[in-house]
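Enquirer: Quick one: the structure is below, and I'll ask about it shortly.
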Amino acid sequence: AILTRNSRESLDYFHDRLPNIPEFAPAVSRDCGFRPKPHPDALKHISENVWGFSPTEVIMIGDSAKDDVRAGKRAGAITVLLGDEIRREDLPDEEHEPHFRIKDLSEFKQLVLDNFELVPESLESLEVGQEK
């Protein structure tokens, strides 16, 4: 999914230029009727109503402590700050401090492998109540 404060037009422009990568879905822009980040409404909607997960089972990756990390934390998600944004004096509270930091997306896979227990592929297709 992608959740952006940009317009739908900007989001379409971005999707049109992705090199051999499918469009993000759902793709939520500021034009979709949700309050913009740092409000957690859109993230909660995607995790609960689209994916069927609690926000506590979702990782919010973003390049802004002010918007992305705050939205993720307000939703109850795990947060990852992307890029070189350093601690900012104007964002002094805990709500702006991500759970993890990475310089670029190439580091994300290793972060997940090092910090989370992943469900084996053979268990992903089990229905609730179905035995292994």
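The values are calculated or read from the model by the stated rules, or taken from the named source; none is laboratory data. Worth saying up front: this structure is predicted, and the values here are computed from it rather than measured. These area figures cover heavy atoms from the full protein model, side chains too; ligands, DNA and RNA do not enter into them. Shrake-Rupley method; radii C 1.70, N 1.55, O 1.52, S 1.80 Å.
Enquirer: For the range 44-85, report the % of Cα-Cα distances exceeding 17 Å. Mind showing how you got there, number by number?
Expert: Details: 226 of 861 pairs.
Cα-Cα pairs of the range 44-85 separated by over 17 Å account for 26 percent.
Enquirer: Enumerate the amide H contacts of M60 below 5 Å, restricted to partners 5 or more residues apart or on another chain; note that Pro and chain-start residues carry no placed amide H.
Expert: I78, T79, V80
Enquirer: Still on this model: How many percent of the alpha carbon pairs in the range 13-102 exceed a separation of 17 Å?
Expert: That tail contains 53 percent of the Cα-Cα pairs.
Enquirer: Counting heavy atoms of the protein chains only and a 1.4 Å probe, report the per residue accessible area for the range 30-77 as a whole number of Å².
Expert: Averaged over the residues of the range 30-77, the accessible area is 50 Å².
Enquirer: A follow-up question, please. If you plug each phi of the range 29-38 into the Karplus form 6.51 cos²θ - 1.76 cosθ + 1.60 with θ = phi - 60°, what whole-Hz ³J(HN,Hα) values come out, in order, with x for Gly and Pro?
Expert: 10, 5, 8, 8, x, 8, 5, x, 4, x
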